[in-house]
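*Asks:* Before I ask anything, here is the structure I am working with.
The values are calculated or read from the model by the stated rules, or taken from the named source; none is laboratory data. This one's a predicted model, so the numbers in the text were calculated from it and none came from an experiment. Neighbour counts are summed over all protein chains in view; Cβ atoms, including those assigned to glycine, are modelled from backbone coordinates with ideal geometry.
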Amino acid sequence: MSEEMKMIEEPATVSEHWVCDSDGKAKWVCEQIKKVKDNLEYMLAWYAEQVKRAKETAEFECMKWEGYLAAYFDTVPHRKAGKSESYSFPGGKLIRKRQDPEFKKDEAVAIAWLKEQNAPQFIKVKETLDWDKLKKSCDGFAEGKVVFGEQVTEDGEIVPVFVPGIEVVERADKFVVEVM
């Protein structure tokens with residue numbers, strides 16, 4: 001087993017009663033965390049490369065075998081139905097489907113042309129919330145909602161105006177260890 005694999009599978013152990021009670025021990029713990037994280041990154045990259053190679057090899061092999069079947073398909077009588085042709089045999093079924101064309105669009109050019117042609121019905125306009133501007137204009141948060149000003153009720157009471165459709169979800173503090 002390689003040293004890198006041992007570090008992942010066998011992390012540094014300390015006794016059950018060990019306590020981190022000094023800067024020196026804290027530094028040592030950070031070093032252990034850094035080793036584990038560095039090693040994990042190395043291992044993930046290594047395994048990703050192995051998976052990539054295996055996929056490429058499998059795809060190449062399948063394409064080669066499918067090529068033999070495509071050549072065979074051209075030599076046998078096959079059934080035509082709509083956009084496809086097929087041939088069935090005891091080991092499987094071969095199908096050739098006529099594909100619709102692919103449309104490569106330069107939307108900016110097409111939109112400009114449609115505007116020149118006075119054809120706005122073919123142009124979509126997407127409205128989105130400008131959260132940054134809205135957040136700056138809000139008066140804070142209350143009751144799990146965003147407050148957008150105040151209004152006076154018939155009783156003369158001043159109540160907050162909440163922005164519908166936006167919920168404020170409180171989150172727990174995040175503990176971060178920065179390893180130097």
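*Asks:* Could you go through the range 101-124 and let me know if any residue there is within 30 Å of Tyr68 (Cβ to Cβ) and in the same structural domain as Ala70 (by TED's automatic domain parsing).
*Replies:* Yes.
A quick yes/no check of all residues on (1) assigned to a strand (DSSP E or B); (2) charged (D, E, K, R); (3) without any contact (Cβ under 8 Å) to a residue 60 or more places away in the chain; (4) surrounded by 10 or more Cβ atoms within 10 Å (Cβ to Cβ):
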position	(1), (2), (3), (4)
Val125	no, no, yes, no
Lys135	no, yes, yes, yes
Phe141	yes, no, yes, yes
Gly149	yes, no, yes, yes
Ala172	no, no, yes, no
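*Asks:* For the range 155-162, does any single residue satisfy the condition of being part of a loop (DSSP other than H, G, I, E, B) and under 30 Å from Ile33 (Cβ atoms)?
*Replies:* Taking the range 155-162 first, the residues part of a loop (DSSP other than H, G, I, E, B) are 155-157.
Add one more test, that the residue is under 30 Å from Ile33 (Cβ atoms), and what stays is none.
Among the residues of the range 155-162, not one is part of a loop (DSSP other than H, G, I, E, B) and under 30 Å from Ile33 (Cβ atoms), which makes the answer no.
*Asks:* If you don't mind, there's one more thing I want to ask. Cβ-Cβ below 8 Å, separation at least six or inter-chain, first residue in the range 89-105 and in a strand (DSSP E or B), second among the charged types (D, E, K, R): which pairs?
*Replies:* Ile95/Glu85; Arg96/Glu85; Lys97/Lys83
*Asks:* For the range 31-56, give me each residue that is under 21 Å from the mean Cα position of the chain (by Cα) and either within 23 Å of Met180 (Cβ to Cβ) or hydrophobic (A, V, I, L, M, F, W, C) (or both).
*Replies:* Leu40, Glu41, Leu44, Ala45, Ala48, Val51
*Asks:* Please go through the range 69-127 and pick out each residue that is of a type in the set (S, T, N, Q) and on the phi > 0 side of the Ramachandran plot. Step through it out loud before you land on a result.
*Replies:* Narrowing the range 69-127 to residues of a type in the set (S, T, N, Q): 75, 84, 86, 88, 99, 117-118, 121.
If the condition is that a residue be of a type in the set (S, T, N, Q) and on the phi > 0 side of the Ramachandran plot, then Asn118 is the only one that fits.
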